[in-house]
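The values are calculated or read from the model by the stated rules, or taken from the named source; none is laboratory data. What you are looking at is a predicted structure, and each value in this text was computed from that prediction instead of being measured. Virtual Cβ from ideal backbone geometry, glycine too; neighbours counted across all protein chains shown. What goes into the accessible areas is simple: the full protein's heavy atoms, side chains included, and nothing from ligands, DNA or RNA. Shrake-Rupley method; radii C 1.70, N 1.55, O 1.52, S 1.80 Å.
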Amino acid sequence: MLSVLKHVLIEYGPEREAHIDAAARAILEAFPDASLEVAQGLLDDDLLIEARIPLRRANDWPAVGRQAYAVGGYDLG
């Protein structure tokens, strides 16, 4: 399966773990076959959710990215 790598930025804050869980849940609800990994962001306190989604569904990402953003992350595309 060909996949596309998308990122959601999770900034440091008291609710960071809840934001990670909510953003991951939103991504997996839309893309059940996605693989997710939490990685270090550019700044020391930031984290990224790296989502590998099927290439054939890449056009669906903007809506999912907005939803992940709404629950505490920032869609980096």
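Could you work out how far helix 61-70 tilts from the main Cα principal axis of the chain, as a 0 to 90 degree angle to the nearest 10?
Between the helix axis and the principal axis of the chain, the angle is about 20 degrees.
Give me the percent relative contact order of the chain, please, defined on Cα pairs under 8 angstrom at least 6 residues apart.
Values: 137 pairs, mean separation 36.9, N = 77.
Averaging sequence separation for qualifying contacts and normalising by length gives 48 percent for the chain.
Defining a contact as two alpha carbons under 8 Å apart and six or more residues distant in sequence, what relative contact order in percent does segment 16-55 show?
Result for segment 16-55 is 35 percent.
Helix 16-30 sits at what angle to the longest principal axis of the chain, using alpha carbons and giving 0 to 90 degrees rounded to 10?
10
Given a 1.4 Å probe and every protein chain left where it sits, what share in percent of the accessible area of segment 1-65 is carbon and sulfur?
Within segment 1-65, the accessible surface is 52 percent carbon and sulfur.
Ranked from highest to lowest mean number of other Cβ atoms within 10 Å per residue, what is the order of the peptides 1-7, 20-26, 32-38?
With the highest mean Cβ count within 10 Å placed first, the list reads 20-26, 1-7, 32-38.
Taking θ = phi - 60°, what integer Hz values does the Karplus form 6.51 cos²θ - 1.76 cosθ + 1.60 yield along segment 40-48, in sequence order, with x for Gly and Pro?
Taking θ as phi minus 60°, the curve returns 5, x, 5, 8, 4, 8, 8, 10, 10 Hz for segment 40-48.
Would you mind working out the accessible area per residue for the chain, using a 1.4 Å probe, and quoting it in Å²?
Result: 61 Å² of accessible area for each residue.
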